[in-house]
Amino acid sequence: MRTEELQQEIRDYAKEIGIDKIGFATADVFSELKERLRRQQELNYQSGFEKGTNEERTEPKRLLPEAQSIISIALAYPSRMKNAPRSTKEERRGLFARASWGLDYHDVLRDRLAKLSEFIKERVPDAINKIMVDTGELSDRAVAERAGIGFSGKNTSIITPEFGSFVYLGEMMTNIPFIPDAPVEDSCGDCRKCLDACPTGALVGDGGQLNAQRCIAFLTQTKGFLEDEYRFKLGNRVYGCDTCQQVCPKNKGMDFHTHPEFEPDPEVSKPKLIPMLRISNREFKEKFGTISGSWRGKKPLQRNALIALAHYKDKTAIEEIIEVMKNDPRPVIRGTAAWSLGKIGTEEAFVAIREAMENEKDEQVLFEMEKGLEFEKSTNPH
Ligand code: B12
Ligand code: SF4
Ligand code: SF4
């Protein structure tokens, strides 16, 4: 079969199995990316979640010696939640970023790529394919950019002309030399909306560069104490951040509900905050186990839930937060609870912090408790 024909068959089949966009790229070295990764490391701008060495990340043949080309795929996900429950004064709710709505996208994209691989192998029996979604060494964005899926925006996301940037990416390296697609032209122009809207100034320079250490999407996934500066910027985000995509004009009106797998359960994706504080491991697994935002376990999410309750100054949460401050075995949770109580700032909260200080042994937690009491000075002028 001629390559052009096979390529067209693959495009048709991809559409049939619910792949929203597919593109073909060479498996040549990503030289510009290699330099970029080196620079990011030098500046300590990386998140630490990236896999592999810079060579493995930019030289596809190190991962698959036979690689001749890379097939990139994109699946669009919703940007609006149907029947979203309101976060009310009586029942404050947190928010998972859109990339964590519905079923874990890694499973969905891997399934689509596995089907595609089968399809190719039926036609080319000696095809060698290697699938990657997020957790592999390759930069899914760099591959997608080269394969003409979209352009790389100033917010660093891949923006497709058809679906905006709310798309998941994945790829398959293969020994078949496909004909490469043309890249999509960058059309950010003079726009700077994402740079201006980023709450922490994580998008640096003139755009296209992220200091991941300042990015809320990263910070919501760390397991230690969150630096004070960022506690005031988290809002009600319990996992991830969508701000630089929400403000992007290229996402205007983009809201795709074509994959039932990505339909969020509002009680999971916009969960009540108070019940998250003392959720058992079993309940956590049952409720949040199938979403991508649970990959770091429950601790970071509970820490963020405490900070979100502080953001809302939710007085109805005080009793529960006191319980957590006094009895949770994890210092990060006890300490953050103390800080949150201080920020909510009622008389009862400050009394409870003082009481808890008498029994607390952990230095860091005691330090957070002191910080919690500092709020008393700012809330009470006497
Ligand atoms: C580590 C990581 C993170 C880190 C760091 C993100 C980052 N911008 O680097 C953190 C935890 C912060 C993060 C957050 C998010 N992530 Co993330 N993440 C990754 C991961 C695992 C690696 C990314 C990486 O290597 N970054 C290093 C940078 C240097 O390279 P890059 O962005 O991959 O590639 C671009 C740049 O290098 C640039 N570039 C190269 N050379 C040069 C030179 C110059 C001069 C310039 C200007 C640019 C430039 O072009 C490349 C193509 O766009 C990928 C999966 C994967 N394996 O690729 C997902 C991935 C990038 N994440 C994704 C998503 C959805 C998110 C979030 C939106 C989730 C959320 N809602 O919270 C946020 C978005 C934050 C943001 N503004 O980027 C998607 C992106 C989909 C898309 N449409 O772009 C990916 C591809 C996962 C997937 N398979 O779908 N993520
Ligand atoms: S995800 Fe949020 S914190 Fe990160 S760059 Fe975008 S707006 Fe800034
Ligand atoms: S907000 Fe503007 S500058 Fe940022 S990615 Fe979108 S179009 Fe580009």
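The residues of the stretch 100-130 include none that are of a type in the set (A, V, I, L, M, F, W, C), over 30 Å from Q8 (Cα atoms) and touching a strand residue (DSSP E or B) at 6+ places or on another chain (Cβ under 8 Å). When S100, S87 are checked against the criterion of being among the polar types (S, T, N, Q) and crowded, with 20+ Cβ neighbours inside 10 Å, a single residue qualifies: S100.
When every residue of the stretch 24-38 is checked against the conditions, at least one turns out to be in a loop (DSSP other than H, G, I, E, B) and within 25 Å of the chain's Cα centre (by Cα).
Evaluation of A305 against the conditions (1) touching a strand residue (DSSP E or B) at 6+ places or on another chain (Cβ under 7 Å); (2) without any contact (Cβ under 8 Å) to a residue 60 or more places away in the chain shows that the sole unmet condition is (2). The residues of the stretch 207-222 that are within 24 Å of E32 (Cα to Cα), out of contact with any helix residue (DSSP H, G or I) (no Cβ under 6 Å at 6 or more places or on another chain) and within 8 Å of ligand 1 (Cβ to nearest atom), listed by number, are G208, Q209, L210, C215.
Could you list, in sequence order, the residues of the stretch 39-70 that are over 23 Å from the mean Cα position of the chain (by Cα) and aliphatic (A, V, I, L, M)? Selection gives L63, L64, A67, I70. Residues in the stretch 140-180 that are surrounded by fewer than 21 Cβ atoms within 10 Å (Cβ to Cβ) and β-branched (V, I, T): 2 in all. Take the residues in the stretch 71-83 that are outside any strand (DSSP E or B) and within 16 Å of the chain's Cα centre (by Cα); name whichever of them is nearest to L116 (Cα to Cα). Among those that are outside any strand (DSSP E or B) and within 16 Å of the chain's Cα centre (by Cα), it is Y77. Apart from one condition, T200 fits all of (1) hydroxyl-bearing (S, T, Y); (2) in contact with a helix residue (DSSP H, G or I) (Cβ under 8 Å, 6 or more places away or on another chain); (3) closer than 22 Å to S69 by Cα; the exception is (3). Taken over the stretch 229-242, residues that are in a loop (DSSP other than H, G, I, E, B) and under 12 Å from the mean Cα position of the chain (by Cα) amount to 3.
Determine, yes or no, whether L226 is outside any loop (DSSP other than H, G, I, E, B), over 22 Å from Y77 (Cβ atoms) and modelled with pLDDT of 95 or more.
For L226, the condition - outside any loop (DSSP other than H, G, I, E, B), over 22 Å from Y77 (Cβ atoms) and modelled with pLDDT of 95 or more - is not met.
Among the residues making up the stretch 259-284, those that are farther than 17 Å from V238 by Cα and not hydroxyl-bearing (S, T, Y) are H259, P260, E261, F262, E263, N281, R282, E283. Taken over the stretch 17-60, the criterion of being among the charged types (D, E, K, R), farther than 27 Å from V108 by Cβ and touching a strand residue (DSSP E or B) at 6+ places or on another chain (Cβ under 9 Å) is satisfied by R36, R39. The set of residues in the stretch 243-264 that are more than 16 Å from A84 (Cα to Cα) and either within 16 Å of ligand 2 (Cβ to nearest atom) or assigned to a helix (DSSP H, G or I) (or both) comprises T243, C244, Q245, Q246, V247, C248, P249, K250, N251, P260, E261. All of (1) among the charged types (D, E, K, R); (2) without any contact (Cβ under 8 Å) to a residue 24 or more places away in the chain; (3) in a helix (DSSP H, G or I) hold for R86 with one exception: (3). Residues that are within 14 Å of S292 (Cβ to Cβ) and either among the aromatic types (F, W, Y) or surrounded by fewer than 17 Cβ atoms within 10 Å (Cβ to Cβ) (or both) within the stretch 104-133 comprise Y105, H106, D107, listed in sequence order.
Each residue in the stretch 197-206 was checked for being out of contact with any Ser or Thr (no Cβ under 8 Å at 6 or more places or on another chain) and outside any strand (DSSP E or B), and 5 of them qualify.
Scanning the stretch 234-270 for residues that are within 18 Å of K313 (Cα to Cα) and surrounded by fewer than 20 Cβ atoms within 10 Å (Cβ to Cβ) returns G235, N236. Please verify whether the stretch 206-218 includes one or more residues that are within 16 Å of ligand 3 (Cβ to nearest atom) and loosely packed, with under 15 Cβ neighbours inside 10 Å. Yes: one or more hits. Taking the criterion of being free of Cβ contacts under 8 Å to residues at least 24 places away in the same chain and more than 26 Å from S47 (Cα to Cα), would at least one residue in the stretch 187-208 satisfy it? There is at least one residue in the stretch 187-208 that is free of Cβ contacts under 8 Å to residues at least 24 places away in the same chain and more than 26 Å from S47 (Cα to Cα). Among the residues of the stretch 24-34, is any surrounded by 12 or more Cβ atoms within 10 Å (Cβ to Cβ) and closer than 16 Å to L169 by Cα? Checked the stretch 24-34: at least one residue is surrounded by 12 or more Cβ atoms within 10 Å (Cβ to Cβ) and closer than 16 Å to L169 by Cα. Looking only at residues in the stretch 89-131 that are part of a loop (DSSP other than H, G, I, E, B) and acidic (D, E), the one that is nearest to G148 (Cα to Cα) is D104.
The values are calculated or read from the model by the stated rules, or taken from the named source; none is laboratory data. The structure displayed is predicted, hence computed values, not measured ones. Backbone-built Cβ (ideal geometry, glycine too); neighbour counts: all protein chains shown.
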